[in-house]
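Here's the structure we're looking at; comments come further down.
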Amino acid sequence: SNITLRGPDAKDESLVRSELEELVSNRLSLMPEGLEKVLSKQNIADILTYLDTWRSNRKSFPGNTPAIVKPLPQGAVLSAQSAEIYGSAIAFEEQYKNIGMWQGKDDYVVWNVDLPKDGTFDVWIDWACEASSAGNSFVLECGDQQISGIAESTITWANYLQKKLGTIRLPSGLQRFTMRPASEDLKGALLDLRAVYLVPEGQSLRLNAMSPVSGTVSTENKNTNTADLSELAARIFDDSQPTDARMEWIKTNVWRAAELVAAMTKDMPMNEAEEYRRIPWLWNVAIAAGKENDAQVLRELLRESLPMAGQPLRDWQSVVIGGGVINGLSLTGNWPRTRVKEIIKSETDLTTRWARCIELSAKMADDDKVRKGTRYDALRIVAMNPTQQNLEQLQKYLEPSIDGELQMGAVSGLSDVDLPVVATWIKERIKDLRPTNRRLAIEALGRNDDRLSALLDLNHSGAIQRQEVPETAIDKLRRTKNPLLRTKAQSILQ
């Protein structure tokens, strides 16, 4: 009864103390007084876990090893691997390292986090949710603090996004976080959860440096930037430097991609040879940022790269935006149009410049004087506004007589258009595509259920062979929660 806990607040401590006293009185009457002098934080967490096993047996799965999360100053990862899992249908899916099958009102997860000092944290979630299950609400609780959220659609169960839920102020000590559905009536499954992140307030989430095992996440604060970016840009352009070293410099500075691009394009002459000397390295910066998918980084990169009012669309800008940002987002399973709209929605100037960039890209894509690789990038930008006119322009480049690189731009652009009609067009044109573009088109058919259905139709008709179907699409068919699609896929999964 003398056990002292450092909980989120006095009220929470009182509740925990009450439970412990009842447990000690009824079950562990031989426990000595003064136990707080020998109990470590791990011991306390073990007791809390034991209490939970009385209320509802904790589930056990391969790959799920609950443990106290010990953050570094940069932040903490509350991963699916380190969570305690309770409920009936809910499960840890080892192959995908997520918590899925979250279908019951009594399904919930718990993390124990040992904070070395007080702090204010931005709370982020890393989730996937198929459109048919979207809209369910959930709650993240710690003591008397609570953050609510909605499981928004990420289109498919395989497409993960990250979003900040809110900000929370926490004291030092052992904290207990619980995530549960906010309503008893769930539509489908709540979500597939990879992690919840605690990031120091105002800093960006750095997924590429995240380690779920150690429970740490790297963040950067732009205010600490003191490097000479002009010198860095010069080193990146220096062909005498090893390629691996230049790529590493880009990787470690991707969080300030906008500033780096500004330094790399400073005093860019109207000289095609010089512009194209710089373009490959500008592309490397931009696609690294696109794959990183950090909203703040991408917003600033677009601010730096979108043509200003009255200015033309330069070739390097088309490459950075179409070949870098859009391509990078697409490669990581995002719908670029949706993601960019989300990133710039509160920025009137950027929204206007974005729309104008798409208009200029439509003209660039048809300009024979522009290099084909850059026209490819322009076609990817055209797809960001899927009007009838723009879609007809993309369709034109699917013709069998079209140059292969331009045809690839149309296939890649249409792949990023989240409209059912795209699946129909791919089915109709698959026979006209060059081998590499055919492969890209087949991969594009794995991005959502409408397209997977079209992929199965092509296989059933003999238009594509089983060996042409990418493993990523097979994996999605195995995981789909759509009963009609699962039935239709039986033959291809045998």
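Summary table below
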item: From the C-alpha gyration tensor of the range 347-402, square roots of 5λ in Å; result: 22, 13, 7
item: Pairwise FRET efficiency - D144 versus A182, Cβ, R0 = 22 Å, nearest 0.05; result: 0.85
item: Stokes-Einstein D (µm²/s) once Rh is taken as the Kirkwood radius of the range 229-307 over alpha-carbon pairs, at 4 °C in 1.567 mPa s; result: 102
item: Chain lengthening between S230 and Q490 when straightened (0.36 nm per residue, less Cα-Cα); result: 87.9 nm
item: In nm, spacing of pseudo-spin labels at N482 and K266 (7 Å Cα→C-beta vector); result: 5.0
item: Average projected area [Cα convex hull, the range 393-494], square nanometres; result: 6.0
item: Protection proxy ranking of 150-157, 64-71, 467-474 - average other beta-carbon atoms within 10 Å, highest first; result: 150-157, 64-71, 467-474
item: Gap separating the Cα centres of the range 112-172 and the range 58-78, nearest whole Å; result: 15
item: Segments 87-97, 448-458 sorted - mean Cβ within 10 Å per residue, highest first; result: 448-458, 87-97
item: Sites E392 and K164, calculated FRET efficiency, Cβ-Cβ separation with R0 45 Å, nearest 0.05; result: 0.70
item: Accessible area (Å², 1.4 Å probe, nearest 10) - K187; result: 110
item: Kirkwood Rh in Å, taken over all unlike Cα pairs in the range 147-198; result: 13.5
item: Packing-based ranking, highest mean first, of 113-121, 75-83 given that Cβ atoms within 10 Å are counted; result: 75-83, 113-121
item: Cβ-Cβ FRET estimate between K345 and T424, R0 fixed at 35 Å, reported to 0.05; result: 0.70
item: The range 320-441, accessible surface, carbon-and-sulfur percent (1.4 angstrom probe); result: 50
item: Heavy atoms of L298: accessible area, 1.4 Å probe, square angstrom to 10; result: 0
item: Gyration tensor over alpha-carbon atoms, the range 293-343, equivalent ellipsoid semi-axes in Å; result: 19, 12, 9
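The values are calculated or read from the model by the stated rules, or taken from the named source; none is laboratory data. Owing to the predicted nature of the structure, the values given are computational and were not obtained by experimental measurement. Note that we place each Cβ from the backbone using ideal geometry, even for glycine, and neighbour counts take in every protein chain shown. SASA here: full protein model, heavy atoms, side chains in, ligands and nucleic acids out. Shrake-Rupley method; radii C 1.70, N 1.55, O 1.52, S 1.80 Å.
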